[in-house]
Amino acid sequence: MSAAVLWVVTGCVHLPATVRAELQCVPERPNLYGGARACTAAEHAAAAQPQRARPAEVRDLPLASGQIILIERPVPMSLYLSLMAERFAPYIHAGIVVIDEGTPYVYEAFGSFGIRVTGSPADDMHGGIRRVPLKSFLRRDGFIAVFEPPPEVDRERLVQFARDHLARKTPFDGYFDNADASRFYCVEFVARALESSGGPLVPGARVTPNRSASSVLGWLKTAGPDLLLAGDLVDAQRPIWFSSRRYTREQMEAYFGLKKELHRRFTAQQPLGSLFRWGWQNLEYRPLVEAYFDAGMQPGAPDAQTLARLMFDGAQGPAQ
């Protein structure tokens, strides 16, 4: 989906009662994230993160026009976005690296929501294709990785696609409608650029059948039935380089494993309130989920499935 949705659930948007209800934790409802304990667990005090990464410097990077750049922010909205698709893939946002007159930029589809107190925030989406300096992009929080495009791709055509849509001021697609060629969300922009320049068709992932998520997707007017995922644009296991202001490569790999396990447990009956709660102005993890991520990104942590069994399954047995 898109990093733009990270701004959906803020103080600028009023959540309808149906959405707020899905973010309630009800002990009697199915819960593979700690059972009834998920609703009553005490606040988690985050452990110190001893590892710190040195963010990449532009001058040190093997850059070329046509490379694909992906980013993931390890925050609650990133997990929420992943859960909206039936199939898991890493990363939530994508762009295209283009070197213009010797300066590297990222071309991306980016949107934001205006202030709205009624109706769907998707009806008040602004934005479109833009160009930002790579140096600025690398200052964003989270995990950033760059990949070569598929070998069939004509890089010149790929770059021209990006430049053309910047010049046209192609708008952002707040409804995430893959059938609407007049506007793009972030992953769709990169997918269509790759496909139009000789790359293979980027597969879609079906929207989750989860009942709780369907309530939120209906409010957001997400078109479906498929979503394009950033991790499907490239071979996500083979980045050319990685950058982060806060995390190491090992922590990134651990995080994606942890997130994938939470996705595996998100069956059709699981309520969003098992994982999330609504804070004062944003979406927050339930304390057990926050503790799970915190523990799993420490050096020497067990693998994600083992950790999930230890932390979540004591009350009701292992997830099937």
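FYI, it's all coordinate maths here, none of it is from the lab. Predicted, not measured: the structure shown is a model, and the values here were computed from it. Reconstructed Cβ throughout: ideal geometry from the backbone, glycine too, with neighbour counts over all protein chains shown.
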Q. Can you tell which of Ala36, Ala167, Ala17 shows the greatest fluctuation in a Gaussian network model of the chain with Cα springs below 10 Å?
A. Ala17
Q: Between Ala64 and His126, take the C-beta separation as r, use R0 = 25 Å, and let me know the FRET efficiency to the nearest 0.05.
A: 0.20
Q | Gain in span if fully extended, Arg238 to Glu250, counting 0.36 nm per residue against the direct Cα distance | A | 2.9 nm
Q. If you wrap the range 143-253's Cα atoms in a convex hull and average its projection over all directions, what's the area in nm²?
A. 8.6
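Which value does Rg/Rh take for the chain over its C-alpha atoms, Rh per Kirkwood?
On the Cα set of the chain, Rg over Rh gives 0.96.
Mean residue ellipticity at 222 nm from the helices of the chain, using -39,500 (n - 2.57) per DSSP H segment of n ≥ 4 over the full residue count, to the nearest 500 deg cm²/dmol?
On the way: 10 runs with 93 residues, N = 320.
Taken over the chain, the calculation gives -8500 deg cm²/dmol.
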Q: Just tell me, in residue order, which DSSP H segments of the chain are both 18 angstrom or longer along the helix axis (alpha-carbon based) and at least -1.0 in mean Kyte-Doolittle hydropathy.
A: 155-168
Q. Across the chain, where is the longest run that never hits GluC sites (Glu not before Pro) in a DSSP loop with at most 13 other C-beta atoms within 10 Å?
A. 153-320
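Report relative contact order for the range 196-320 in percent, whole number only (criteria: Cα-Cα under 8 Å, sequence separation at least 6).
On the way: 87 pairs, mean separation 30.7, N = 125.
Relative contact order here is 25 percent.
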Q.
Quick check: Cα centre of the range 98-113 to Cα centre of the range 150-195, how many Å?
A. 12
Q.
Quick check: residue separation of Gln160 and Asp226 times 0.36 nm, minus the Cα distance between them. What number comes out in nm?
A. 21.1 nm
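Fully extended, how many nm does the chain gain between Thr267 and Thr40 (0.36 nm per residue separation, minus their Cα-Cα distance)? List each step's numbers first, then the result.
Details: separation 227, 0.36 × 227 = 81.72 nm, distance 2.18 nm.
Stretched fully, the Thr267-Thr40 segment lengthens by 79.5 nm.
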(Q) If packing is taken as the average count of other Cβ atoms within 10 Å, what order do 223-230, 173-180, 235-242 fall into, highest mean first? (A) 223-230, 173-180, 235-242
Q: Determine the shape class of the range 171-320: with a ≥ b ≥ c the square roots of the Cα gyration tensor eigenvalues, call it rounded for a/c under 1.5, and otherwise prolate if a/b is greater than b/c, oblate otherwise.
A: oblate
Q. About the Cα centre of the chain, what is the dipole size in debye to 20, counting +1 per Lys and Arg Cβ and -1 per Asp and Glu Cβ, all else neutral?
A. 540
